[in-house]
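*Asks:* Shown below is the structure under consideration.
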Amino acid sequence: MIIVSEFLVPKGYTGMTVFPFIFLKNKGLKHSKTLINHEKIHLRQQLEMLILPFYIWYVLEFLIRYYQHKNWFLAYKNLSFEREAYCNDTNLVYLKSRPFWQFLKYLSKHEI
């Protein structure tokens, strides 16, 4: 379910996923197939990790990446969940063949 709210999406972001919802900054973003696919990848990640563990992992990995990079944006962009979503958001059929826990592949790959 897609919800449009400029107040629920943090400043500097266009969308955010909190299972089972996709929040978008404005209604024009509903037409962005890449953004919607990116957020659907996050829905799959959250579902396969049984939701709560996803958020715990996300925060812990963010803290580690922030310590590594000393930069909020670089920490965010180098999260395994984000790297998987960004690398595959233009592939609109990605979720049809995505292996289970595929984000693990992005833990040790190159830094962005």
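*Asks:* In the Gaussian network model of the chain, springs joining C-alpha atoms below 10 Å, which of Asn37, Asn88, Asn71 carries the largest mean-square fluctuation?
*Replies:* Answer for the Gaussian network model of the chain: Asn71.
*Asks:* While we're on this one: Whenever you get a sec, line up His31, His42, His69 from highest to lowest accessible area (probe 1.4 Å, protein heavy atoms).
*Replies:* The ordering from most to least exposed comes out as His31, His69, His42.
*Asks:* Also, I was wondering about something else. Rounded to whole Hz and in sequence order, give me ³J(HN,Hα) for the range 54-70 from the Karplus expression 6.51 cos²θ - 1.76 cosθ + 1.60, θ = phi - 60°, writing x for Gly and Pro.
*Replies:* 4, 5, 5, 4, 4, 5, 5, 5, 4, 4, 5, 5, 5, 5, 5, 9, 6
*Asks:* With a 1.4 Å probe and all protein chains kept in place, how much accessible area does Arg44 have, in Å² rounded to the nearest 10?
*Replies:* Solvent-accessible area, nearest 10 Å²: 90 Å².
*Asks:* Here's a follow-up. Quick one: what Rg and Dmax do you get for the chain from the alpha carbons, in Å?
*Replies:* According to the Cα coordinates of the chain, Rg and Dmax are 13.6, 36 Å.
*Asks:* Once phi is turned into θ = phi - 60°, what whole-Hz ³J(HN,Hα) does the Karplus curve with 6.51, -1.76 and 1.60 give for every residue of the range 2-8, x standing for Gly and Pro?
*Replies:* Each residue's phi maps through the Karplus curve to give 9, 10, 9, 7, 6, 8, 8 Hz.
*Asks:* Among the aspartates and glutamates, which fall within straight-line cross-link reach of Lys40, defined as a Cα-Cα distance under 14 Å, with same-chain neighbours fewer than 8 residues apart omitted?
*Replies:* Answer for Lys40, where 14 Å is the Cα cut-off: Glu48, Glu82, Glu84, Asp89, listed by chain and number.
The values are calculated or read from the model by the stated rules, or taken from the named source; none is laboratory data. It should be emphasised that the depicted structure is a prediction, and the values quoted were computed from it without experimental measurement. Just the protein is used for accessible areas: all its heavy atoms, side chains included, with ligands, DNA and RNA removed. Shrake-Rupley method; radii C 1.70, N 1.55, O 1.52, S 1.80 Å.
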